[in-house]
Amino acid sequence: MAARQGRQAANSVDLVSESDSEDSEDMSGSDADEPSWISWFCGLRGNEFFCEVDEDYIEDDFNLSGLASQVPYYEYALDMILDNEPPADVMLTDQQHEMLENAAEMLYGLIHARYLVTQRGLNAMLEKFKNCDFGRCPRVLCDGQPCLPVGTSDLPGTSTVKIFCPKCEDIYYPRIDYQCSIDGAYFGTTFPHLMLMTYPMYRPPKATGKYVPLTMQTLNANRVRATPAGLQARSRARVCRVQAAKDGKTVVIGLAADSGCGKSTFMRRMTSIFGGSAKPPAGGNPDSNTLISDMTTVICLDDYHCLDRKGRAEKGVTALAPEAQNFDLMYEQVKAMKEGKAADKPIYNHVTGALDAPEKIESPNILVIEGLHPFYDERVRDLLDFKVYLDISDEIKFAWKIQRDMAERGHSLDSIKKSIEARKPDFDAYIDPQKKHADMIIQVLPTQLVPDDEGKILRVRLIQKEGKKLFDPVYLFDEGSTISWIPCGRKLTCSFPGIKFYYGPDTWYGEDVSVLEMDGQFDKLEELIYVESHLSNTSAKFYGEITQQMLKNSSFPGSNNGTGLLQTIIGLKVREVYERITEKEVVPVS
Amino acid sequence: MRSSGHPSMKDVEEIEKKVEQAIKDADTTCKESDAAHCAAAWDNVEELSAAAAHKKVAVQNDPISTDPLEQFCDDNPDADECRVYED
């Protein structure tokens, strides 16, 4: 500002002088002593980004077409820029003079924006770029990449200039304070991209490094004092585990849930974490219930029915009753696969209701057994490394069955009700008691946020057993405390009815557990990432992994509520269990 | 069922007919028989309803059943339109 006033003082001296001889003397004196207006302007502190526009470019009126309507005092401003003497008979007040200075700056800026996209302009800016005049990218992984100035709008007065990094292709605030107040329209939105298209040899290789947030918890979920001694102890413990590694062993996961409770969706979410798509065995029985992907094999325990549909109808036995299952065979074959051997497993055909010829299943890295009775038999239960139970409340079960079956020919509200009621006694007697054995339980209940009869909005609780060696429970903010959290507010706007979280300790059939609960629905991606960033111990390997998985599977039911979120988290916990048992690292799938 | 083993809407309709029949049988059984047989009959309805729902999803997810091009290529893998390039 001081420099400008100096210039103004000098100008006012020129303006008030009247005699020609004085003028010409002053002029010749000015020319010799003073730099041109353009050089002076580009030399001001904060104006380092500007290049000097060729005078003949400005003198060609064609290049300035349209600017007269955007700039006040256009004629005078133009004269000032070109160092032409203004008409001597015009007297300007100080205030008018200051406005003229600003107009000249704006006019120069707009001419500059047009000049930049000409060949000469690009050349001039290239020199400045090579000289690193625009600053370097502040991002660590860009390694000091020189940047280019860019505007986010071509209209003056909209936004200030930013710097564009060709490596990470993002924009940042200029490094020096004084540069931050320059209007972005003086550079334009096109310039850096045109520059890099004109001089492709200056395009840097893409930023390859990606920052992975590492915390104590990600490195090793066992919490240890952050002292040198603690860290040493932890690294020693890891070495011991490596020496005892059970290489090549199969990890067995059990999933229990009633029919029509979302087991298949859960399976798909879980296997998605490990990559590849799960398909029935190639070239086998098309009615096989088995799903095989790169790392996982999912077996349906219905295959171990010892009574087929006809047999059960004769005896008056439901598929829920233990009398209909061959637990001996189940134990034998799960044990075999856990030990690395293949098994000739029967196939229960859900369409015909008969037992088909067996199929040969090879031992996989991860074996998932899903069905009604994975934890019923004690021997089978002891083979399982991780157990999950899907506990759906009666109202929700009813709502889901209505959604599933109402469109069916033959079904009515009445038949759906009867079906649920007829199965309930056996369900309560044989299936429900298994939930006390699970390591993690997902409970799906009606929402408490609004009165909702249709079961559209869900309250989902993740109950996690404490004190297990193979995984650490997810928590909110402070482990072991009780937290009630509504993320919607100033930082995050949610649509009705919003989202509510709860975290706290509890007991489950006499054992200590931690409960993480979500009530409500996600409406936007930003809600999901916001929530993810506040959860701890999720076993995600990079920031945004949960959101990424949810997006990948956004067509699955439950992708906008707690079922999708908490099932995805369980999938990550399964990966953690696998890594702890096998001491092998699973590379996250993108 | 197509010999290649891909699910089709025909399979879904087959199962849906079975569901309808099973519901009728369950109503009859519950009138004529004891609670245990009644439960077994309705359990059967549930099993078939679940199978129908799974088959529907399988058809929707299977590109060969829904995309006519995929269907054609399945039958004629040598056709010009079905050439696959590995990068």
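The set of residues in segment A:258-277 being open to solvent by 40 Å² or more (accessible area, probe 1.4 Å) and farther than 30 Å from A:Glu395 by Cβ consists of A:Gly276, A:Ser277.
Being open to solvent by less than 10 Å² (accessible area, probe 1.4 Å) and within 18 Å of A:Leu445 (Cα to Cα) is true of A:Leu565. Restricting segment A:156-177 to residues that are β-branched (Val, Ile, Thr) and part of a strand (DSSP E or B), the residue that is nearest to A:Leu110 (Cα to Cα) is A:Thr160.
For segment B:60-87, give me the residue count where each residue is crowded, with 18+ Cβ neighbours inside 10 Å and in contact with a Pro (Cβ under 7 Å, 6 or more places away or on another chain). Number of matching residues: 1. Taking the criterion of being closer than 18 Å to A:Asp258 by Cα and within 11 Å of another protein chain (Cβ to nearest Cβ), the residues of segment A:277-311 that qualify are A:Asn289, A:Cys300, A:Asp302, A:His305, A:Arg309.
Among the residues of segment A:474-490, are any within 24 Å of A:Lys263 (Cα to Cα) and either in contact with a strand residue (DSSP E or B) (Cβ under 7 Å, 6 or more places away or on another chain) or modelled with pLDDT of 90 or more (or both)?
First, the residues of segment A:474-490 that are within 24 Å of A:Lys263 (Cα to Cα): A:474.
Still in the list and also either in contact with a strand residue (DSSP E or B) (Cβ under 7 Å, 6 or more places away or on another chain) or modelled with pLDDT of 90 or more (or both): A:474.
Yes; the residues of segment A:474-490 include at least one that is within 24 Å of A:Lys263 (Cα to Cα) and either in contact with a strand residue (DSSP E or B) (Cβ under 7 Å, 6 or more places away or on another chain) or modelled with pLDDT of 90 or more (or both).
Remark: pairs (first residue in segment A:557-578, under 10 Å from A:Leu462 (Cβ atoms); second residue part of a helix (DSSP H, G or I); Cβ separation under 6 Å; 6+ apart in sequence or on different chains) = A:Gln567/A:Phe266; A:Gln567/A:Arg269.
Would you confirm, using the coordinates I've provided, whether A:Glu370 is within 23 Å of A:Gln434 (Cα to Cα), within 14 Å of chain B (Cβ to nearest Cβ) and open to solvent by 10 Å² or more (accessible area, probe 1.4 Å)? Break it down stepwise before answering.
Details: within 23 Å of A:Gln434 (Cα to Cα): yes; within 14 Å of chain B (Cβ to nearest Cβ): yes; open to solvent by 10 Å² or more (accessible area, probe 1.4 Å): yes.
Judged against the criteria, A:Glu370 is a match.
Filtering segment A:308-330 to residues that are open to solvent by less than 30 Å² (accessible area, probe 1.4 Å) and over 27 Å from A:Thr265 (Cα atoms) leaves A:Gly311, A:Arg312, A:Gly316, A:Val317.
Being among the charged types (D, E, K, R) and either under 19 Å from A:Ser259 (Cα atoms) or facing chain A (nearest Cβ under 7 Å) (or both) is the filter here; which residues of segment B:12-33 pass it? Outline the logic, then answer.
Of the residues in segment B:12-33, the ones among the charged types (D, E, K, R) are B:13-14, B:16-18, B:20, B:24-25, B:27, B:31-32.
Hits for segment B:12-33 are B:Glu16, B:Lys18, B:Glu20.
So, in segment B:35-50, of the ones that are of a type in the set (A, V, I, L, M, F, W, C), facing another protein chain (nearest Cβ under 7 Å) and surrounded by fewer than 24 Cβ atoms within 10 Å (Cβ to Cβ), which residue ends up farthest from A:His411 (Cα to Cα)? Among residues in segment B:35-50 that are of a type in the set (A, V, I, L, M, F, W, C), facing another protein chain (nearest Cβ under 7 Å) and surrounded by fewer than 24 Cβ atoms within 10 Å (Cβ to Cβ), the one farthest from A:His411 (Cα to Cα) is B:Ala36.
Only residues that are more than 14 Å from chain B (Cβ to nearest Cβ), surrounded by fewer than 22 Cβ atoms within 10 Å (Cβ to Cβ) and among the aliphatic types (A, V, I, L, M) were counted across segment A:331-354, and they come to 3. Restricting segment A:417-454 to residues that are more than 30 Å from B:Asp34 (Cβ to Cβ) and polar (S, T, N, Q) leaves a set whose member that is farthest from the other protein chains (Cβ to nearest Cβ) is A:Gln448. A:Lys524 meets each of the listed conditions (1) farther than 23 Å from A:Pro213 by Cα; (2) in contact with a strand residue (DSSP E or B) (Cβ under 8 Å, 6 or more places away or on another chain); (3) free of Cβ contacts under 8 Å to residues at least 60 places away in the same chain apart from (2).
Where strands (runs of 3 or more DSSP E) fall wholly inside segment A:379-496, the ranges with 3 or more residues that are in contact (Cβ under 8 Å) with a residue 40 or more places away in the chain are A:386-392, A:440-446, A:458-465. Residue count for segment A:48-70 under the criterion of being part of a loop (DSSP other than H, G, I, E, B) and open to solvent by less than 10 Å² (accessible area, probe 1.4 Å): the result is 5. Do you know which of the residues in segment A:491-504 that are surrounded by fewer than 17 Cβ atoms within 10 Å (Cβ to Cβ) and either at pLDDT 90 or above or among the hydroxyl-bearing types (Ser, Thr, Tyr) (or both) is farthest from A:Pro451 (Cα to Cα)? That would be A:Gly504.
Let's see how each residue does on (1) open to solvent by 70 Å² or more (accessible area, probe 1.4 Å); (2) closer than 30 Å to A:Asp478 by Cα; (3) at pLDDT 95 or above:
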site: A:Cys180; (1), (2), (3): no, no, no
site: A:His193; (1), (2), (3): yes, no, no
site: A:Val212; (1), (2), (3): no, yes, no
site: A:Arg225; (1), (2), (3): yes, yes, no
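Filter segment B:1-29 for residues that are free of Cβ contacts under 8 Å to residues at least 40 places away in the same chain, of a type in the set (A, V, I, L, M, F, W, C) and within 16 Å of A:Gly410 (Cβ to Cβ) and give the result. Those that are free of Cβ contacts under 8 Å to residues at least 40 places away in the same chain, of a type in the set (A, V, I, L, M, F, W, C) and within 16 Å of A:Gly410 (Cβ to Cβ): B:Val19, B:Ala22, B:Ile23, B:Ala26.
The values are calculated or read from the model by the stated rules, or taken from the named source; none is laboratory data. None of these values were measured; they are calculated from a predicted model. Backbone-built Cβ (ideal geometry, glycine too); neighbour counts: all protein chains shown. SASA here: full protein model, heavy atoms, side chains in, ligands and nucleic acids out. Shrake-Rupley method; radii C 1.70, N 1.55, O 1.52, S 1.80 Å.
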